[in-house]
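Chemist: Take a look at this one; I'll ask things after.
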Amino acid sequence: MSEHLLEVNNLTLDYNLGSRKMQALGQVSFSLDKGQVLGVAGESGCGKSTLGLAILRLLPRVAEIRRGEVLFNGTDLLKLSEEQMEREIRGQKITMIFQNPQNALNPVFKIENQMIDILRVQEKYQNPGSRKRRRDFKQQAIERLESTGIADPEARVSNYPFEFSGGMKQRVMIGMALSSGTSLLLADEATTALDVTIEAQINRLITELADKYGTSILYITHNLGVLSEMADRIMIMYAGRIFEMGNTEAVFGSPRHPYSAALLESLPSRQTKGKRLLTIPGIVPALDRLPSGCSFHPRCAFAEEVCRQEVPPLIEVDKGHWSACLLDQKRGRKKWHWT
Amino acid sequence: MALDMIQIRNLKTYFFQGKGLLSKLFGQGLKIVHAVDGVSLTIKKGRTFGLVGESGCGKSTLGNTIFRLVEPLEGEILFQGRDVVKMDQKELREFRQQAQIIFQDQFACMNPRMTAGQIIAEPLMMRQGEQERQKNIEQEVIELLNAVNLDPDAAVKFPNEFSGGQARRIGVARAIALNPLFIMADEPTSGLDISTAATILNLMQDLQEEMDITYLWVSHNLNQVKYMADDMAVMYLGKVVEVGQTREVFDHMAHPYTQALISAVPQVDSSEHKETIFLEGEVPSPIDPPSGCYFRTRCPHAFERCEQEEPPLIDLGGGHFCACHLHNNN
């Protein structure tokens, strides 16, 4: 049996919209070990959020998982019943935080009520015979708030969400999501809406709590800078496929896929003032009209005939460094100079 | 020596809460939001001026005040020497032809029932005293679409048919329609993907070169401001805490807030990873700002004087100013 905490194999998923069939994930395979942070990056529509939702099976009805497995501690989550997912996995072993904590908190209930609801459900499934009282849960809620660094948690727990700032609301979400029972946290653009100084605070908090509880993190974001500082490993996605995967330093230091190289070169932080930024020609393809072969070939400056014909497999090109580019695989180690 | 495009002197914009009938009935006092609190800046001609700060620091209000979308309480805004605050409606109309805004949410500022062509043509039709040229408007719209690298076909499309990056281009086309001297860009790439943002940045740099436009670049993205701006100012709670040439500010940041802000920006290159200075707590309310230095409640270096005295902007040489008692020898 595998020792990975999470192992996703060949996950392929379609959205069926009437006559249109959109492949949102194509043969996605990766693994995540205990205590590791795996960063998922890519532009909008590349399937990174779909991936997070697919792991928790929170996808809309139009989504159809066609192939693949999601092994969590060796159990295929795709084969569990809805009830088992709810009882054992969601909000228990695997939790998720989203970009907009405003939408995750009900504006008409106090923070304490919303936290107690979660704690109650967790308790019910973990210790079915438990006789904990509301008082105990409230105390627990206060402790959780305290662990996320909210000042004066005894008073703040009785506030309504509107009385909290964006950063504090995200702290509440983290407090609800991370506890000793959590083995995997899915963070989907968790700090995108926050200011940089608050973002730094929240990311530090996530790291600290994850360290404390030994939680692994799948950190989804489009902000490559954040990933560079947070993640042990990086996965670059494009049009539903993994294009490159490897250790953070390897992927950012010497990208093996032209797309990753282009993303890095188009960042203003890497360019001196006055020099033009790299722009990738064209736009991300619509998922129901994916180009043949490598889905990036129409925009790739290096594309050759073979790229139009064959779908590149994700291959280990260096130790622990995977890339899905036929040219890279053909020629071996190569630097992609776009400009 | 570059000429001054805009000079702001001691500008204050306050918002008043609790003026309404309900507050009077229930006896709540008047609350004053110090959105822009005594700002002085000079934006030089043909250059890009970056304005950074966290949400709620007043950077957008400052921008809106320059255009008199919000009325200032006091202070001067000299646009090529003429005070915008004192302009009457007719003068304001002229001023607003020469100065344009690209707003953050481009979809929100396009009428969904108008085509992109109509949207871009609107400022052209407003142009006064050129009736005979009106028939050429169609041609001008196509030229503008070309200038922002959009297909001429885009003219007949409606806003919902555009992607975020294309919508931004339409905003740029509309802003440059009347050959403005000055453009304020409020978070011009927020919400765009990395490579799309890069195309907008390239476009705006090209236009600046061709048309000699001065930009006020309002953004919380410090990497972008470092790349785009010649000069920059850092705002905190309605005040400018540091101002100077961008390179100088990044190389020799003097204010503890600037240091914390820049250190918190996540960098891709591990060589640029700095020790993040974590600021505790959050920005205080601008209704009831702290005494003395507004930043002292979160400042790791705060000492007694910071509580008692408001630090003035201190000249550090070379046009670099910083409002902090650590640099105050008086």
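Chemist: Has the range A:90-103 got any residue that is of a type in the set (Phe, Trp, Tyr), touching a residue at least 12 places away in the same chain (Cβ under 8 Å) and under 30 Å from A:Phe164 (Cβ atoms)? Walk me through how you get there before you give the answer.
Modeler: Kept after step one, since they are of a type in the set (Phe, Trp, Tyr), are these residues of the range A:90-103: A:98.
Subset that is touching a residue at least 12 places away in the same chain (Cβ under 8 Å): A:98.
Now narrow it down to the ones that are under 30 Å from A:Phe164 (Cβ atoms): A:98.
Checking the range A:90-103: at least one residue is of a type in the set (Phe, Trp, Tyr), touching a residue at least 12 places away in the same chain (Cβ under 8 Å) and under 30 Å from A:Phe164 (Cβ atoms).
Chemist: Within the range A:223-245, take every residue that is over 30 Å from B:Ile262 (Cα atoms) and of a type outside the set (Gly, Ala, Ser) and give me the one that is nearest to the other protein chains (Cβ to nearest Cβ). Let's see the steps before the verdict.
Modeler: To start, the set of residues in the range A:223-245 that are over 30 Å from B:Ile262 (Cα atoms) comprises A:238-243.
In the following step, the residues that additionally are of a type outside the set (Gly, Ala, Ser) were identified as A:238, A:241-243.
Details: A:Tyr238: 11, A:Arg241: 17, A:Ile242: 18, A:Phe243: 14 Å.
The selected residue is A:Tyr238.
Chemist: Same structure, new question: Are there helices (runs of 4 or more DSSP H) fully within the range A:83-148 with at least 2 residues that are more than 23 Å from the chain's Cα centre (by Cα) and surrounded by 14 or more Cβ atoms within 10 Å (Cβ to Cβ)? List them. If you could, list the steps in order and put the result at the bottom.
Modeler: Values: elements: A:101-104, A:111-126, A:134-147.
Helices (runs of 4 or more DSSP H) meeting the threshold: A:111-126, A:134-147.
Chemist: Identify all residues within the range B:199-225 that are open to solvent by 10 Å² or more (accessible area, probe 1.4 Å), under 16 Å from the mean Cα position of the chain (by Cα) and more than 7 Å from chain A (Cβ to nearest Cβ); write none if there are none.
Modeler: B:Asn221, the sole residue that qualifies.
Chemist: Have a look at A:Ile150, A:Ile97 and point out the one that is β-branched (Val, Ile, Thr) and within 14 Å of another protein chain (Cβ to nearest Cβ). Break it down stepwise before answering.
Modeler: Working: A:Ile97 fails: within 14 Å of another protein chain (Cβ to nearest Cβ).
Testing whether each residue is β-branched (Val, Ile, Thr) and within 14 Å of another protein chain (Cβ to nearest Cβ) leaves just A:Ile150.
Chemist: Taking the range A:282-298 as the search range and keeping residues that are touching a residue at least 40 places away in the same chain (Cβ under 8 Å) and over 25 Å from A:Val226 (Cα atoms), which one is surrounded by the most Cβ atoms within 10 Å (Cβ to Cβ)? Walk me through it before giving the result.
Modeler: Step one: list which residues in the range A:282-298 are touching a residue at least 40 places away in the same chain (Cβ under 8 Å), which gives A:284-288, A:290, A:295-296.
Narrowing the set further to residues that are over 25 Å from A:Val226 (Cα atoms) leaves A:285-288, A:290, A:295.
Details: A:Pro285: 16, A:Ala286: 11, A:Leu287: 23, A:Asp288: 13, A:Leu290: 17, A:Ser295: 25.
Within the range A:282-298, the match that is surrounded by the most Cβ atoms within 10 Å (Cβ to Cβ) is A:Ser295.
Chemist: Please go through the range B:263-284 and give me each residue that is modelled with pLDDT of 80 or more and more than 9 Å from every other protein chain (Cβ to nearest Cβ), ordered by number.
Modeler: Hits for the range B:263-284 are B:Glu275, B:Pro284.
Chemist: Hey, among B:Glu143, B:Glu122, which residue is in contact (Cβ under 8 Å) with a residue 40 or more places away in the chain, part of a helix (DSSP H, G or I) and open to solvent by 10 Å² or more (accessible area, probe 1.4 Å)?
Modeler: Details: B:Glu143 fails: in contact (Cβ under 8 Å) with a residue 40 or more places away in the chain.
On inspection, the qualifying residue turns out to be B:Glu122.
Chemist: Starting from residues that are hydrophobic (A, V, I, L, M, F, W, C) and within 11 Å of chain B (Cβ to nearest Cβ), keep the ones in the range A:251-269 and report whichever is farthest from B:Pro266 (Cα to Cα). If you could, list the steps in order and put the result at the bottom.
Modeler: Initial filter on the range A:251-269 (hydrophobic (A, V, I, L, M, F, W, C)): A:251-252, A:261-264, A:267.
Of the ones still in play, those that are also within 11 Å of chain B (Cβ to nearest Cβ) are A:251-252, A:262-264, A:267.
Details: A:Val251: 16, A:Phe252: 14, A:Ala262: 19, A:Leu263: 16, A:Leu264: 14, A:Leu267: 12 Å.
Step by step, filter the range A:251-269, then rank; the result is A:Ala262.
Chemist: Here's something else I'd like to know. Give me the residue from the range B:175-198 that is in a helix (DSSP H, G or I) and β-branched (Val, Ile, Thr) and, out of that set, most open to solvent (accessible area, probe 1.4 Å).
Modeler: Going through the range B:175-198, the residues in a helix (DSSP H, G or I) turn out to be B:175-176, B:194-198.
In the following step, the residues that additionally are β-branched (Val, Ile, Thr) were identified as B:176, B:194, B:196.
Details: B:Ile176: 6, B:Ile194: 27, B:Thr196: 43 Å².
This residue is B:Thr196.
Chemist: Within the range A:305-323, count every residue that is surrounded by 14 or more Cβ atoms within 10 Å (Cβ to Cβ) and over 22 Å from A:Gly246 (Cα atoms).
Modeler: Total meeting the criteria: 2.
Chemist: Could you look through the range B:28-57, keep only residues that are of a type in the set (Gly, Ala, Ser) and within 19 Å of B:Tyr215 (Cβ to Cβ), and pick out the one that is farthest from the other protein chains (Cβ to nearest Cβ)?
Modeler: Of all residues in the range B:28-57, those of a type in the set (Gly, Ala, Ser) come to B:29, B:35, B:38, B:40, B:46, B:50, B:53, B:55-56.
Add one more test, that the residue is within 19 Å of B:Tyr215 (Cβ to Cβ), and what stays is B:46, B:50, B:53.
Details: B:Gly46: 14, B:Gly50: 11, B:Gly53: 9 Å.
Among those that are of a type in the set (Gly, Ala, Ser) and within 19 Å of B:Tyr215 (Cβ to Cβ), it is B:Gly46.
Chemist: Let me ask something else about it. Among the listed residues B:Gly75, B:Gly38, B:Gly46, which satisfies the condition of being outside any strand (DSSP E or B), of a type in the set (Gly, Ala, Ser), on the phi > 0 side of the Ramachandran plot and modelled with pLDDT of 90 or more?
Modeler: B:Gly46
Chemist: Taking the range A:220-232 as the search range and keeping residues that are surrounded by 22 or more Cβ atoms within 10 Å (Cβ to Cβ) and not in a helix (DSSP H, G or I), which one is nearest to the chain's Cα centre (by Cα)?
Modeler: For the range A:220-232, the residue satisfying everything is A:Ile220.
Chemist: Quick one: B:Met235 ticks every box in (1) in contact with an Asp or Glu (Cβ under 8 Å, 6 or more places away or on another chain); (2) within 13 Å of another protein chain (Cβ to nearest Cβ) except a single one, so which number is it?
Modeler: (1)
Chemist: Could you check the range A:193-219 and list, in sequence order, the residues that are touching a helix residue (DSSP H, G or I) at 6+ places or on another chain (Cβ under 8 Å), closer than 22 Å to A:Ile89 by Cβ and either assigned to a helix (DSSP H, G or I) or not polar (S, T, N, Q) (or both)?
Modeler: A:Ile206, A:Leu209, A:Ile217, A:Leu218, A:Tyr219, listed by residue number.
Chemist: Would you confirm whether any residue within the range A:169-192 is buried (at least 22 other Cβ atoms within 10 Å of the Cβ), in a loop (DSSP other than H, G, I, E, B), away from chain B (no Cβ under 14 Å) and modelled with pLDDT of 90 or more?
Modeler: No, the range A:169-192 contains no residue that is buried (at least 22 other Cβ atoms within 10 Å of the Cβ), in a loop (DSSP other than H, G, I, E, B), away from chain B (no Cβ under 14 Å) and modelled with pLDDT of 90 or more.
Chemist: Test A:Leu267 against the criterion of being in contact with a Phe, Trp or Tyr (Cβ under 7 Å, 6 or more places away or on another chain) and farther than 16 Å from A:Ser323 by Cα, and give yes or no.
Modeler: Details: in contact with a Phe, Trp or Tyr (Cβ under 7 Å, 6 or more places away or on another chain): no; farther than 16 Å from A:Ser323 by Cα: yes.
It is false that A:Leu267 is in contact with a Phe, Trp or Tyr (Cβ under 7 Å, 6 or more places away or on another chain) and farther than 16 Å from A:Ser323 by Cα.
Chemist: For the range A:110-148, which residues satisfy the criterion of being among the hydrophobic types (A, V, I, L, M, F, W, C) and either touching a strand residue (DSSP E or B) at 6+ places or on another chain (Cβ under 6 Å) or closer than 26 Å to A:Leu56 by Cα (or both)?
Modeler: We begin by selecting, within the range A:110-148, every residue among the hydrophobic types (A, V, I, L, M, F, W, C); these are A:111, A:115-116, A:118-119, A:121, A:137, A:141-142, A:145.
Within the range A:110-148, A:Ile111, A:Met115, A:Ile116, A:Ile118, A:Leu119, A:Val121, A:Phe137, A:Ala141, A:Leu145 meet the criteria.
Chemist: Continuing with the same structure: For the range B:148-174: of the residues being crowded, with 20+ Cβ neighbours inside 10 Å and among the charged types (D, E, K, R), which is farthest from the other protein chains (Cβ to nearest Cβ)?
Modeler: B:Arg174
Chemist: Sort through A:Thr272, A:Thr248, A:Thr279 and tell me the only one that's open to solvent by 30 Å² or more (accessible area, probe 1.4 Å), in contact (Cβ under 8 Å) with a residue 12 or more places away in the chain and within 14 Å of chain B (Cβ to nearest Cβ).
Modeler: Working: A:Thr272 fails: in contact (Cβ under 8 Å) with a residue 12 or more places away in the chain; A:Thr248 fails: open to solvent by 30 Å² or more (accessible area, probe 1.4 Å).
Selected residue: A:Thr279, the only one of A:Thr272, A:Thr248, A:Thr279 that is open to solvent by 30 Å² or more (accessible area, probe 1.4 Å), in contact (Cβ under 8 Å) with a residue 12 or more places away in the chain and within 14 Å of chain B (Cβ to nearest Cβ).
Chemist: Any chance the range B:307-329 includes a residue that's within 14 Å of chain A (Cβ to nearest Cβ) and out of contact with any strand residue (DSSP E or B) (no Cβ under 7 Å at 6 or more places or on another chain)? Lay out the reasoning, then the answer.
Modeler: From the range B:307-329, those within 14 Å of chain A (Cβ to nearest Cβ) are none; that's our starting set.
Within the range B:307-329 (the criterion being within 14 Å of chain A (Cβ to nearest Cβ) and out of contact with any strand residue (DSSP E or B) (no Cβ under 7 Å at 6 or more places or on another chain)), the answer is no, since none of the residues qualifies.
Chemist: Just checking, how many residues over the range A:153-168 are open to solvent by less than 20 Å² (accessible area, probe 1.4 Å), assigned to a helix (DSSP H, G or I) and either at pLDDT 95 or above or in contact with an Asp or Glu (Cβ under 8 Å, 6 or more places away or on another chain) (or both)? Please lay out each step first, then the result.
Modeler: Residues of the range A:153-168 that are open to solvent by less than 20 Å² (accessible area, probe 1.4 Å), as a first pass: A:153, A:157, A:161, A:164, A:167.
With the extra rule that they be assigned to a helix (DSSP H, G or I), the set shrinks to A:153, A:161, A:167.
Cutting the leftovers down to either at pLDDT 95 or above or in contact with an Asp or Glu (Cβ under 8 Å, 6 or more places away or on another chain) (or both) gives us A:153, A:167.
Of the residues in that region, 2 qualify.
Chemist: Does any residue of the range B:258-280 turn out to be closer than 18 Å to B:Asn221 by Cα, charged (D, E, K, R) and open to solvent by less than 50 Å² (accessible area, probe 1.4 Å)?
Modeler: There is at least one residue in the range B:258-280 that is closer than 18 Å to B:Asn221 by Cα, charged (D, E, K, R) and open to solvent by less than 50 Å² (accessible area, probe 1.4 Å).
The values are calculated or read from the model by the stated rules, or taken from the named source; none is laboratory data. Quick caveat: nothing in here was measured; it's all calculated off a predicted structure. Heads up, the Cβs are rebuilt from the backbone with ideal geometry, glycines too, and the neighbour counts pull from every protein chain shown. Accessible surface is based on the protein model in full, side chains and every heavy atom, while ligands, DNA and RNA are left aside. Shrake-Rupley method; radii C 1.70, N 1.55, O 1.52, S 1.80 Å.
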